[in-house]
Amino acid sequence: MLLAARVVLSWRMHVRPIRRVLITVGFLAATFSPVWAQEWVPLEKKEVKERRSLLGGGSQWLGKTSGKPARLKGLPEEMGTKLSYFSARIGGQQTWLVIGSPPAGSKPRTSPRFIADTDQDGDLSDEKIVAGRKKREGGWLFGRTVDHYGPLTFKPADDADSADVELTFQYYGADGLAASPAFERAGDVTVDGQEYHLILSDGNADGRFDGFYGPSKKQSQEEETDSKWTVFSEFDAISITLKDARPAAEDAVIYRFWDTPPLTKTLRLKDVYYHLEVKPDGSAIRLAKTDLPVGTLDVGCADAYLTLFSECGLQELQGSGGKWRLPAGRYVCWSLGLRLTDEAGVVWTLQGSGDTGKLGEIVIEPDKTVALKMGPPLKVKTEARQISGLFGRNRYVSMGLTGQAGESYSHGAYKNRWRLPPPKLKILDESGQVMANGQFEYG
Ligand SMILES: [Ca+2]
Ligand SMILES: [Ca+2]
């Protein structure tokens, strides 16, 4: 008995120093965790030579303004008489840009002249006219030739401390004008033994690189993909690819959906989340492994697929019985649909057609399950309209498919990659006799 007590006592005396050593080792490990998680990785300023896609790399699409804006003055006469006016948000200020005619007597394929209010004072008499050059974009087969201008540096006349915003412009004729960052920040970062190539773009044209994306109510309520897209020009963008991967390699782009998704505070690489810190001038980035509180989204439909955006980046969800573990936070649904592979290996797809219903905005809470049933049974809603035309009165029947969460689907299913012919329509009388036959058309 005495011996046992002595043994216990001596063990206790030993365990204390051991614990102290363990605590010290733990503290050291926390201080000297892997270099990639702690060190700032420098990013070099690089000229954007070729835009990867039409709206990639943080380009802003600028719509034409009808007529001359009242507040704009000092337009040089050499700009010609055929003028198109555009406005862009540069450094948070509305800024005017004008496309004119090509110089008089110039060769047929000469770019029209361009002028921009680079000091943002509403006066163009203090600005230089810019000559453009023709540039091929998007390859020879599917690409097109655009008029390219810049780089031009924008800085407000009344704020000498604000950051320079350097942009190039691409004129697509009647289709409009795009403003793109002239420079980006690029570098390589090694995470868990894998080297990645990383590019930051000043997507919201304010001369800074730390404009992180946050899902907005406005974006979740937009039904059209184009309108959802415009929200992204309010934030900066990031591109992350496996270093030295062949461009065609499928897994080279981390986010397959887009080559330049919006910059988010957290990023997922190989199912591990990393917190991102960016120097405002884009000169360095720091990644640190992070544990996020997670919850569950359950859409109660094994064939569903969803593309969601949150502060943790893009989530492309499919499989696992329609149940996914996600970091807690607010998500905006970008697109959805149903996909099923039959016994013959044929993939059937029914794409969502814009209205995401209750799935438009999803809030995931830690350790909780959000149940939002989507998919079948689908409700078919037909709407008949009578339109009087030249050849008498016609009845038009439109059809909509709605799932359990109120999400709408396009009524043409895809068999593998091919869209099937639109469904047929029969109008029956009370006794089941066919009164009329019709065929839906995609519109
Ligand atoms: Ca000016
Ligand atoms: Ca920015």
Across segment 179-192, in residue order, what do the Karplus-derived ³J(HN,Hα) couplings come to in whole Hz, using 6.51 cos²θ - 1.76 cosθ + 1.60 with θ = phi - 60° and x for Gly and Pro?
-> 10, 10, x, 7, 10, 9, 10, 9, x, 10, 10, 9, 10, 6
Two-site FRET efficiency, V434 against K134, from Cβ-Cβ distance with R₀ of 41 Å, rounded to 0.05 | 0.10
From zero up to wherever the largest Cα-Cα distance of segment 293-415 sits, split into 10 Å bins and tell me the percent of pairs in each.
-> 13, 39, 26, 13, 7, 2, 0
More than 29 Å apart - percent of Cα-Cα pairs taken over segment 205-357 = 21
R419 label point, 7 Å along Cα→Cβ, cut-off 15 Å on backbone N: hits in segment 322-358?
-> 349-354
What does the charge count near D206 come to, summing +1 for each Lys or Arg and -1 for each Asp or Glu among other residues with Cβ under 9 Å from its Cβ?
-> 0
With T81 itself left out, Lys, Arg at +1 and Asp, Glu at -1 over residues whose Cβ is under 15 Å from its Cβ give +1
Once label points are set 7 Å from the Cα along Cα→Cβ at both D281 and K46, what is their separation, rounded to one decimal in nm?
-> 2.0
At what distance in nm do the modelled label points of H197 and A288 sit from each other, each positioned 7 Å from its Cα along Cα→Cβ?
-> 2.9
Would you mind listing how long segment 64-175 runs along its three principal axes, going by Cα atoms, in whole Å with the largest first?
-> 45, 29, 23
Any lysines whose Cα falls less than 20 Å from that of K379, other than same-chain ones fewer than 8 residues away, would be K358, K424, K426
Measuring from label point to label point, each 7 Å out along Cα→Cβ, what is the V380 to T190 span in nm?
-> 6.1
Provide S84, S310, S125 in ascending order of the number of other Cβ atoms located within 10 Å of each residue's Cβ, fewest first.
-> S125, S84, S310
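Just so you know, all these numbers are worked out from the coordinates, no wet-lab data involved. No experiment lies behind these values; they were computed from the predicted model shown. Ideal geometry is used to build each Cβ from the backbone, glycine not excepted, and the neighbour counts take in all protein chains shown.
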